[in-house]
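Quick notes on the structure that follows.
The values are calculated or read from the model by the stated rules, or taken from the named source; none is laboratory data. Source: prediction; values computed, not measured. For neighbour counting, all protein chains shown are included, and Cβ atoms are generated from backbone atoms with ideal geometry for every residue, glycine included.
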Amino acid sequence: MRTRSRSRGVSHMSVSADWRNPGPAPTEGPLVDTLGRVAGDLRISVIDKCNLRCTYCMPAEGLPWLGRDDILTVDEIDRLARLFHRLGVREFKITGGEPTVRRELPEIVRRICSLGPDLDVSMTTNGLLLNRLAEPLYAAGLRRVTVSCDSLLRHRYQEMTRRDALERMRAGLAAARVAGFDPVKINCVVIRGTNDDEAVDFARLAREHGYDVRFIEYMPLDAEQSWERGKVVPADESMAAVAAAYPLEPVAAEGPQPASVFRFADGAPGSIGFIPSVTRPFCASCNRMRVTSEGQFRVCLFALEEHDLRAALRSDADDAELERLVREALWHKWPGHKINHPDFVRPARSMSMIGG
């Protein structure tokens, strides 16, 4: 399996349909929308449950979890992964909830990774269970992992996640490195007045351990709907803070990606990236799709509509029908979310329910 792959975000084909009234979707060729964006990145949520209660995601008491029969089975995930691979998807990210709390995770990883040597398969996790799962996941074929961590201070990590688990997360990071994962990424959601003073500390961590740190702007995806625009820290501000301490050099992008990535000018290991999801959305080159843990297909993180693939799977739909559902949904993908527009409507479900 190759360690890095980037699907093309914009097709060379001529697409001129109006996304509001686009006419029939293409029945062959790449997975494309009316704006010419080719979808080559699929995020598959394997479970909605999580062992943290991050304040920007869910309430302290958690959420009503799906029943075991409601989430996609291993065979159903395998079938969808095979379908999307046949349709040109080469990037798969396994998400949750917290994917490591699903017992069959190594088998799910093994099946996806076995689809071919041309894949880029990764996983996003909070890292709390990586201490025991890093080696089995690596053996199953996974090579890249992203760990969510929003503070390096024990008291603040506990406040933000409602769990005293910083050391377990750190142990998970170390276990991933020992198992052979490369790169090991860290995602940090930056919130004004909460953790916006830790950018340099995360950069130092990247330099010391060779991690790839990504700072993400705070998005309106919390279950309690308490997001405030004033709490968004622009990526440019985080970048300025890091660059003042450690001069940075840009890294050329390999295809569409949300982050502006930099290396340290003095040659130190690790990298720093900034994802301006709110202040400078990357919708124009977005090549992402999502399948939720109960099999709902979403063509945008902020989509207001979902398309039920689980119902089709469980009603004996053949692959041709599943492909038709996927192509039709993607063909109607809008130009982008409207976070910065007065008519923005946030999705009814939180990030943990959608899948990261």
How many of the residues making up region 84-105 are closer than 26 Å to residue 325 by Cβ and surrounded by fewer than 17 Cβ atoms within 10 Å (Cβ to Cβ)?
3
Out of all the residues in region 189-215, which are among the β-branched types (Val, Ile, Thr) and under 19 Å from residue 159 (Cα atoms)?
189, 190, 191, 194
Looking across region 163-210 at residues that are charged (D, E, K, R) and in contact with a strand residue (DSSP E or B) (Cβ under 8 Å, 6 or more places away or on another chain), the single one that is farthest from residue 127 (Cα to Cα) is 192
Of the listed residues (206, 171), the one being farther than 18 Å from residue 261 by Cα and aliphatic (A, V, I, L, M) is 171
Checked against (1) of a type outside the set (D, E, K, R); (2) under 21 Å from residue 351 (Cα atoms); (3) touching a Lys or Arg at 6+ places or on another chain (Cβ under 9 Å), residue 226 satisfies every condition except (3)
Looking at residue 88 and the list (1) part of a loop (DSSP other than H, G, I, E, B); (2) within 24 Å of residue 31 (Cα to Cα); (3) without any contact (Cβ under 8 Å) to a residue 40 or more places away in the chain, which single condition is not satisfied?
(3)
Just to be sure I understand the filter: pairs with C-beta atoms under 8 Å, separated by 6 or more residues or on different chains, first member in region 292-320 and touching a residue at least 12 places away in the same chain (Cβ under 8 Å), second member hydroxyl-bearing (Ser, Thr, Tyr). Which pairs pass?
292/45; 293/45; 298/292; 306/292
When every residue in region 106-122 that is among the hydrophobic types (A, V, I, L, M, F, W, C) and either in contact with a Pro (Cβ under 8 Å, 6 or more places away or on another chain) or under 23 Å from residue 172 (Cα atoms) (or both) is compared, the one surrounded by the fewest Cβ atoms within 10 Å (Cβ to Cβ) is 113
Quick one: in region 38-83, which of the residues that are in a loop (DSSP other than H, G, I, E, B) and of a type in the set (Asp, Glu) is modelled with the lowest pLDDT?
61
Find the strands (runs of 3 or more DSSP E) located wholly in region 250-356 whose residues include 1 or more that are crowded, with 20+ Cβ neighbours inside 10 Å, modelled with pLDDT of 95 or more and not hydrophobic (A, V, I, L, M, F, W, C), and list them.
271-275, 288-291, 296-298
Tell me, please, whether a residue that is on the phi < 0 side of the Ramachandran plot and touching a Pro at 6+ places or on another chain (Cβ under 6 Å) can be found in region 238-246.
no
Checking the structure you have, find out if any residue of region 157-167 is in contact (Cβ under 8 Å) with a residue 24 or more places away in the chain, assigned to a strand (DSSP E or B), buried (at least 23 other Cβ atoms within 10 Å of the Cβ) and not small (Gly, Ala, Ser).
no
Across region 144-156, what is the total count of residues that are touching a residue at least 24 places away in the same chain (Cβ under 8 Å) and farther than 20 Å from residue 355 by Cα?
4
Flagged in region 123-156 as in a strand (DSSP E or B), of a type in the set (D, E, K, R) and buried (at least 21 other Cβ atoms within 10 Å of the Cβ), in numbering order, are none
Just to check your reading of the model, which residue among 268, 284 is in contact with an Asp or Glu (Cβ under 9 Å, 6 or more places away or on another chain), among the aliphatic types (A, V, I, L, M), touching a residue at least 40 places away in the same chain (Cβ under 8 Å) and at negative phi?
268
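The rows are residues; the columns are (1) of a type outside the set (Asp, Glu); (2) touching a strand residue (DSSP E or B) at 6+ places or on another chain (Cβ under 7 Å).
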{"site": "303", "(1), (2)": "yes, no"}
{"site": "313", "(1), (2)": "yes, no"}
{"site": "318", "(1), (2)": "no, no"}
{"site": "323", "(1), (2)": "no, no"}
{"site": "326", "(1), (2)": "yes, yes"}
{"site": "331", "(1), (2)": "yes, no"}
Unmet criterion (only one of (1) charged (D, E, K, R); (2) loosely packed, with under 15 Cβ neighbours inside 10 Å; (3) part of a helix (DSSP H, G or I)) for residue 224:
(3)
Which residue is nearest to residue 130 (Cα to Cα), if the candidates are limited to region 168-195 and must be in a loop (DSSP other than H, G, I, E, B) and within 19 Å of the chain's Cα centre (by Cα)?
181
So residue 217 fits all but one of (1) surrounded by 22 or more Cβ atoms within 10 Å (Cβ to Cβ); (2) within 24 Å of residue 132 (Cα to Cα); (3) among the acidic types (Asp, Glu); what number is the exception?
(2)
